[in-house]
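Read the structure below first, then the notes.
Every number here is computed from the coordinates shown, using simple stated rules; none is lab data. No experiment lies behind these values; they were computed from the predicted model shown. When we count neighbours, we look across all protein chains shown, and the Cβ atoms used for this are built from the backbone with ideal geometry, even at glycine.
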Amino acid sequence: MATQVLVSVDEYLRTSYHPDRDYLDGEVVNRNLGEFEHSSAHREILLFLATNYPHLRKRLLPEQRVQVRLNRFRIPDLCIVAQEAVGQKIIATPPELCIEILSPEDTLTKTMERIRDYFGIGVATCWIIDPVSREGWIATPGHLEEAPSGLLCAQGIEMPLATIFETK
């Protein structure tokens, strides 16, 4: 049986992981990512939001550490941070939107645990995107719904799923 090595918050924050990892109550946890569909969707979402919402460019951050509790840090695939959080080394102010792109290994249980951590610090909306099935969901505290007509919406931002899955 493997024994998990616990590390302090200070050690986690001083360490660079490649790729970066979540920190959950003393445990450094790998994130599922790196496959073509995941990376491709990540790129297209970033480009879509940066192009169609240029006023968000400085607040649109990929794989940024977000402190969700004193001893928990999550790294959403993408997030739009609040204006007052721009420049924070570690985001402690609730982002306006967190976006999670699923990998084949991601489970509903683990994904919802991540989403609940975001809600716990005051994030109002999370998007969950499955690049394999080309589906998306909008999560708000206590509610999860499939993107109506394939359109993800949050805080005045709209993103049609079809635009990120177009093949060119």
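Quick look at the numbers
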| quantity | calculated |
| --- | --- |
| GluC sites (Glu not before Pro) restricted to segment 77-168 and DSSP loop, no more than 11 other C-beta within 10 Å | E105, E166 |
| Potential lengthening between N30 and A124 on full extension [0.36 nm per residue; Cα-Cα distance subtracted] | 31.3 nm |
| Size of electric dipole in the chain: Cβ of Lys, Arg +1 and of Asp, Glu -1, about Cα centre, debye, nearest 20 | 540 debye |
| Estimated FRET transfer efficiency when R0 is 22 angstrom, pair Q155-T51 (beta carbons, to 0.05) | 0.80 |
| Selection of trypsin sites (Lys or Arg not before Pro), segment 6-82, meeting DSSP coil and at most 16 other Cβ within 10 Å | none |
| Value of Rg/Rh across segment 44-130 [Cα atoms, Kirkwood radius] | 0.95 |
| Kirkwood hydrodynamic radius over Cα pairs of the chain, then Stokes diffusion coefficient at 37 °C and 0.692 mPa s, in µm²/s | 200 µm²/s |
| Choice from Q155, Q88, Q64 with maximal GNM fluctuation in the chain (Cα, 10 Å cutoff) | Q155 |
| Cα gyration tensor shape for segment 1-63, rounded if a/c is under 1.5, else prolate or oblate | oblate |
| Value at 222 nm in deg cm²/dmol, rounded to 500, when DSSP H runs of n ≥ 4 in the chain each add -39,500 (n - 2.57) | -7000 deg cm²/dmol |
